[in-house]
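Visitor: The structure that follows is given in the form of structure tokens.
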Amino acid sequence: MKNYIYLFILIAFLFTACGKKEEAKKDDRGAQEKKEMTVQQKKDDSLKAASEQIDREKKVKAALEEQKILNDSLGQWVTGAEASSTYQDHKGTEGWSAEQMIGKPDVETYGDNQKAWTSKESQMGLEWVKLTYEKAVNASEIKIRQTYNPGTIIQVELIDERGKSHTVWEGIDKAKYEQNTIQYFNVKFDKTDYKTKTVKITLATNTLPGWKEIDAVQLIGN
């Protein structure tokens, strides 16, 4: 009988020891998982901080570039504008009308904004805007501020004082634009031997989805 009692005690002891070992293993696994989660969290936080820093640097760079454009002593902003069409046939100072391109940039963030011009239909096909400036100059550059869905400009022309058109750029815009960001389409060329104060821009609106919007256009020359 005593032998059975001893055997029972031994078995109970072994079960208890095994249970403690399993609990110890669970604790070790839990500690390891917690450690791994902490390491991963630190990595995630580091990546997030790095991404936020890059985003801040991009915004600072964009602001400095914008300020440089605004302060260009050879740059002029639009004083008169017309277009092949406007959203809901808006005219004058109504939202999305051609006159929204007059003056310095006033659309602050990327997206659909009534302070910019857009055509009557979003993907109708060829659309154009014709812009005039106060002073006729020998031009050397045009900067087109695209505030929504950039990339559909196919031709830029200058019209001289006799009314003759000169194409200074044409083709497919192959620029890789950063998503959800206001983008300038810059056209540089040799200084013209004629004076101009009129710019015509043609867009193929059917080549990309969504409304295409232009906020302002700068003519550079002297």
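Visitor: Restricting to the range 51-90, give me the number of residues that are among the hydrophobic types (A, V, I, L, M, F, W, C), assigned to a helix (DSSP H, G or I) and in contact (Cβ under 8 Å) with a residue 60 or more places away in the chain. Reasoning before the result, please.
Guide: The first filter runs over the range 51-90 and keeps only residues among the hydrophobic types (A, V, I, L, M, F, W, C), leaving 54, 60, 62-64, 69-70, 74, 77-78, 81, 83.
Still in the list and also assigned to a helix (DSSP H, G or I): 54, 60, 62-64, 69-70.
Retained after the next criterion (residues that are in contact (Cβ under 8 Å) with a residue 60 or more places away in the chain): 62, 69.
Counting residues in the range 51-90 that are among the hydrophobic types (A, V, I, L, M, F, W, C), assigned to a helix (DSSP H, G or I) and in contact (Cβ under 8 Å) with a residue 60 or more places away in the chain gives 2.
Visitor: Considering only the range 100-121, state which residues are surrounded by fewer than 21 Cβ atoms within 10 Å (Cβ to Cβ) and touching a Phe, Trp or Tyr at 6+ places or on another chain (Cβ under 8 Å).
Guide: Those that are surrounded by fewer than 21 Cβ atoms within 10 Å (Cβ to Cβ) and touching a Phe, Trp or Tyr at 6+ places or on another chain (Cβ under 8 Å): Ile102, Gly103, Lys104, Tyr110, Gly111, Asp112, Asn113, Gln114, Lys120.
The rows are residues; the columns are (1) among the small types (Gly, Ala, Ser); (2) more than 27 Å from Asn222 (Cβ to Cβ); (3) within 22 Å of the chain's Cα centre (by Cα).
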{"position": "Asp89", "(1), (2), (3)": "no, yes, no"}
{"position": "Ser97", "(1), (2), (3)": "yes, yes, no"}
{"position": "Thr118", "(1), (2), (3)": "no, yes, yes"}
{"position": "Leu126", "(1), (2), (3)": "no, yes, no"}
{"position": "Leu131", "(1), (2), (3)": "no, no, no"}
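Visitor: While we're on this one: So which of Thr93, Thr109 is among the polar types (S, T, N, Q), within 25 Å of the chain's Cα centre (by Cα), part of a loop (DSSP other than H, G, I, E, B) and more than 24 Å from Gly221 (Cβ to Cβ)?
Guide: Values: Thr93 fails: within 25 Å of the chain's Cα centre (by Cα).
Exactly one residue qualifies, and that residue is Thr109.
Visitor: In addition: If you check Gly171 against the conditions, is it more than 18 Å from the chain's Cα centre (by Cα) and either more than 22 Å from Ser84 (Cα to Cα) or surrounded by fewer than 16 Cβ atoms within 10 Å (Cβ to Cβ) (or both)? First the steps, then the outcome.
Guide: Numbers: more than 18 Å from the chain's Cα centre (by Cα): yes; either more than 22 Å from Ser84 (Cα to Cα) or surrounded by fewer than 16 Cβ atoms within 10 Å (Cβ to Cβ) (or both): yes.
So Gly171 passes the test.
Visitor: Only one of these is in contact (Cβ under 8 Å) with a residue 40 or more places away in the chain and on the phi > 0 side of the Ramachandran plot: Gly171, Gly151. Name it.
Guide: Numbers: Gly171 fails: in contact (Cβ under 8 Å) with a residue 40 or more places away in the chain.
Within the list Gly171, Gly151, the selection yields Gly151.
Visitor: For the range 57-70: of the residues being among the basic types (Lys, Arg) and at pLDDT 80 or above, which is farthest from Gly103 (Cα to Cα)?
Guide: Taking the range 57-70 first, the residues among the basic types (Lys, Arg) are 58-59, 61, 68.
Next, from what is left, pick out any that are at pLDDT 80 or above: 61, 68.
Details: Lys61: 23, Lys68: 16 Å.
Of everything passing the filter in the range 57-70, Lys61 is farthest from Gly103 (Cα to Cα).
Visitor: While we're looking at this one, here's another question. Please tell me if Ile182 is within 26 Å of Asn113 (Cα to Cα) and either at pLDDT below 95 or not acidic (Asp, Glu) (or both).
Guide: Values: within 26 Å of Asn113 (Cα to Cα): yes; either at pLDDT below 95 or not acidic (Asp, Glu) (or both): yes.
When the stated conditions are applied, Ile182 passes them.
Visitor: Name the pairs: first residue in the range 193-217 and not assigned by TED's automatic domain parsing to the domain that holds Thr152, second residue aromatic (Phe, Trp, Tyr), Cβ to Cβ under 6 Å, at least 6 apart or on different chains?
Guide: Final answer for the pair search is none.
The values are calculated or read from the model by the stated rules, or taken from the named source; none is laboratory data. Computed from a predicted model, the values in this text were never measured in an experiment. Every residue, glycine as well, gets a Cβ built from its backbone with ideal geometry; the counts of neighbours run over all protein chains shown.
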